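Down below is the structure, laid out as structure tokens.
Any read-out appearing in this document is the output of simple, stated calculations on the displayed coordinates, not a laboratory observation. Note that the structure is a prediction, hence the values are computed from the model and not measured. Cβ sites come from the backbone with ideal geometry, for glycine too, and all protein chains shown count toward neighbours.
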Amino acid sequence: MPLPLAPIAATAARYGAVALVAYAATRRIERAQTRQETEDALDRVDEGLAANRPQDRSQINAQGRFRRIVRLTIGGPGLEIDMTALARLKFRKIT
């Protein structure tokens with residue numbers, strides 16, 4: 001009994017297209033320099049989410065940090081996950 005290749009070929013073409021787009025995207029992204037003052041600012045962010053609005057009320061500042069250690073076995077080697085984000089949203093009326 002012959003094996004139908006049409007469903008397999010369609011799936012392979014779909015995965016190939018995704019892989020090609022991912023490869024093209026990684027080639028277009030420029031390599032950024034690591035600045036120490038930026039690293040220090042990210043290290044000062046407290047764990048959790050926070051947002052505030054300064055006195056002029058024209059912008060909203062937000063920050064968040066998620067920091068966890070994942071271990072597969074008790075006392076075994078682990079992986080530390082540290083995600084930090086800073087955001088600023090500004091509003092300005094244009095006349």
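Under the criterion of Cα pairs below 8 Å and six or more residues apart, the relative contact order for the stretch 1-67 equals 20 percent. Dipole size of the stretch 6-90 about its Cα centre, with +1 on Lys/Arg Cβ and -1 on Asp/Glu Cβ: approximately 380 debye, rounded to the nearest 20. Against the chain, whose longest principal axis is taken from its Cα atoms, helix 6-28 shows a tilt of about 40°.
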